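> Take a look at the following structure, please.
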């Protein structure tokens, strides 16, 4: 289907808006993804405020240029799909990685952009392997509380020691 110049300009504008409003943009290469598989992936990502779109390569490249992002020339060969991720960056990466493995690698992760910085496929997969945000926060809080808990235990030990000495002195005087 041939698009008019105005339609192409609108599509570039839409891509630019999605790129700018996303915390992460994952670039994928679908190889034989069926319509049902594509729909299932879209539904899973929708719940995370993310979207899966098959893009027009040359127009998407123009949008990346307009956003000032470093563009890899391989973006213009073969069919590409893009996931625009909202707040749940790691969860979106997990869904993509799981989908790729569950569907016999019909979807390859090529890389993307995380908060405007270019990342490779390995970095996206590493991001997918991170624990959920809540677990990371709990680990950080636990680490922050450990020294405080230790300090409180030391102080409590000193107070217990003083109390034991006073009790011993009291016991000696009462004899």
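Every read-out reported here was derived from the displayed coordinates using simple, explicitly stated rules and does not represent laboratory data. Since this is a predicted model, take the numbers as computed values, not measurements. Glycine gets a Cβ as well: all are built from the backbone with ideal geometry, and neighbour counts include every protein chain shown.
> With axes computed from alpha carbons, what is the tilt in degrees of helix 57-66 against the longest principal axis of the chain, rounded to the nearest 10 within 0 to 90?
That works out to roughly 60 degrees.
> Which of the three applies to the stretch 1-66, rounded, prolate or oblate, going by the alpha-carbon gyration tensor with a ≥ b ≥ c and a/c under 1.5 meaning rounded?
Oblate is the answer for the stretch 1-66, as a/c is 1.5 or above yet b/c matches or exceeds a/b.
> I need the peptides 134-143, 83-92, 57-66, 5-14 ranked by packing, meaning the mean over residues of other C-beta atoms within 10 angstrom, with the highest value on top.
The densest-packed peptide leads the list: 83-92, 57-66, 5-14, 134-143.
> Also, quick follow-up: Could you tell me how many degrees, from 0 to 90 and to the nearest 10, lie between the Cα long axis of helix 35-46 and the main elongation axis, the longest principal axis, of the Cα atoms of the chain?
Orientation of helix 35-46: about 40 degrees from the principal axis.
> What translational diffusion coefficient, to the nearest whole µm²/s, does the stretch 31-142 have by Stokes-Einstein, given a Kirkwood radius computed over alpha-carbon pairs, a temperature of 10 °C and 1.306 mPa s viscosity?
Working: Rh = 15.0 Å.
D, rounded to a whole number, is 106 µm²/s.
> With axes computed from alpha carbons, what is the tilt in degrees of helix 133-174 against the longest principal axis of the chain, rounded to the nearest 10 within 0 to 90?
0 degrees
> List the relative contact order of the chain as a percent without decimals, with contacts defined as Cα pairs under 8 Å and 6+ residues apart.
Working: 201 pairs, mean separation 45.5, N = 175.
Worked out over the chain, it gives 26 percent.
> Which whole-percent values make up P(r) of the stretch 34-77 when all C-alpha to C-alpha distances are grouped in 5 Å steps starting at zero?
Bins of 5 Å from zero give 5, 20, 19, 15, 19, 18, 4 percent of pairs.
> What value, in deg cm²/dmol to 500, does the helix sum -39500 (n - 2.57) over DSSP H runs of n ≥ 4 give at 222 nm once divided by the residues of the chain? Present the calculation step by step, with values, prior to reporting the outcome.
Working: 6 runs with 103 residues, N = 175.
-20000 deg cm²/dmol, from helical runs alone.
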